[in-house]
Amino acid sequence: MADGIKPQPGILDIALYKGGDASLDGVSNVLKLSSNENPYGASDAAKEAFSRAVHTLHRYPSTDHASLRKAISDVWGVDAHRVFCGVGSGDVLKLLSEAYAGPGDEVVFTEHGFSMYPIYARACGATPVVVPERERVIDVDAILAACGDKTRLVYIANPANPTGTMLGAAEVTRLADGLPPQALLVLDGAYAEYVEGFDAGKSLVDTHANVVMTRTFSKIYGLGGMRVGWGYASQDIIDVLNRIRGPFNLSSAALAAAEAAVRDTEYTEKCRVENARLREWMATALAELGVPSDTSTANFVLARFADETEADACDEALRKAGIIVRKVAGYKLPHCLRITVGDESACRRVVHAVAQFKGAVK
């Protein structure tokens, strides 16, 4: 680097984000259960919409995302004018930090929270503030105690990743009510669709000007490769975000696929029901092998082992069996492995592999 050319303070303190592995050397039939992807893929309606988009690839996409925002409004009962669309929900989360935090400010999140939260904070020069959880569940009192005059953003994922645990509506409301007046509560709802009847904080946004809800098309909708997400907030916040986003931030193909996906509610419900059934089966089967997990409300389970050594050994055994799960030592859970809920054959395969491992180490 040339003398005198330096990045903004805090950026070199960022540890690079590492996604879930997708391949294993020398293994062709890899079962990937490391990234919480929908094993059934995108709906046929979304695939068809994507295919049709090929005919207009020479045209610039919509700058206002009006058609997608209308679809989101119709399905989720939100005000379309207060919907913001981004390149995955991560884009929305990042833009919130850029818009509302900077040097001298603090961004609060919990110890097992999504690993991008501190990156968003440092990238804009703010200070990350890590708050302890209580038995892998967000602790509202601990968050409120950590907030002060410098707090600008509080990020919580609900359901949480990688724990799968969830905070009840009363506690989320208590958190929103208790924040300092200059602070925003950001509800990261990447896994919200997996919870039956859950509005992910929509009603709280409608009554609290200091709350933002974010959602993604990468999980239950099976569009991780498309990179589409959205946020819902007061009109003032949406207007701010629209001032700093790129005018053509979403492609025509992504917009079309996302609109078809969100409107295909029958397919979404089918995926939710199957996930719930197989999640319960897998969690119960693992518990019977001596590998417990907290009750998950997402599309994964956080399997707990005796210690880090056993978790690492099980991960290695799974890899030898052609199965990739997610080590979560970076989330301060070194004794755990996060396992995506796949289809039925995938769930049975991973449980069988863990059973073989546990038998081998007894």
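Here is how the numbers come out for the structure above:
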| item | result |
| --- | --- |
| Failed condition for Val240, given (1) among the β-branched types (Val, Ile, Thr); (2) surrounded by 14 or more Cβ atoms within 10 Å (Cβ to Cβ); (3) not assigned by TED's automatic domain parsing to the domain that holds Glu98 | (3) |
| Yes/no for Ala303 being more than 21 Å from Leu167 (Cβ to Cβ) and more than 20 Å from the chain's Cα centre (by Cα) | no |
| Where a residue in the stretch 7-32 is aromatic (Phe, Trp, Tyr) and its partner, wherever it lies, is modelled with pLDDT of 75 or more, with Cβ under 9 Å and at least six apart | Tyr17/Ser115; Tyr17/Met116; Tyr17/Ile119 |
| Test for Leu250: is it modelled with pLDDT of 95 or more and surrounded by 20 or more Cβ atoms within 10 Å (Cβ to Cβ) | yes |
| Candidates Ala346, Ala311, Ala303, Ala283 - the one that is in contact with a strand residue (DSSP E or B) (Cβ under 9 Å, 6 or more places away or on another chain), part of a strand (DSSP E or B) and at pLDDT 95 or above | Ala303 |
| Selection count, the stretch 209-237, where residues are without any contact (Cβ under 8 Å) to a residue 40 or more places away in the chain, surrounded by fewer than 24 Cβ atoms within 10 Å (Cβ to Cβ) and not in a loop (DSSP other than H, G, I, E, B) | 1 |
| Ser67 being of a type in the set (S, T, N, Q), surrounded by fewer than 17 Cβ atoms within 10 Å (Cβ to Cβ), out of contact with any Gly (no Cβ under 6 Å at 6 or more places or on another chain) and in the same structural domain as Phe217 (by TED's automatic domain parsing) | yes |
| Residues of the stretch 154-205 that turn out to be touching a Ser or Thr at 6+ places or on another chain (Cβ under 6 Å), among the β-branched types (Val, Ile, Thr) and buried (at least 24 other Cβ atoms within 10 Å of the Cβ), as a count | 0 |
| Residue under evaluation Gly90, criteria (1) buried (at least 18 other Cβ atoms within 10 Å of the Cβ); (2) of a type outside the set (A, V, I, L, M, F, W, C); (3) farther than 28 Å from Tyr194 by Cβ; (4) out of contact with any Ser or Thr (no Cβ under 6 Å at 6 or more places or on another chain), criterion not met | (3) |
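The values are calculated or read from the model by the stated rules, or taken from the named source; none is laboratory data. This structure is a prediction, so every number in the text was calculated from the model and none was measured. Note that each Cβ is placed from the backbone with ideal geometry, even for glycine, and that neighbours are counted across all protein chains shown.
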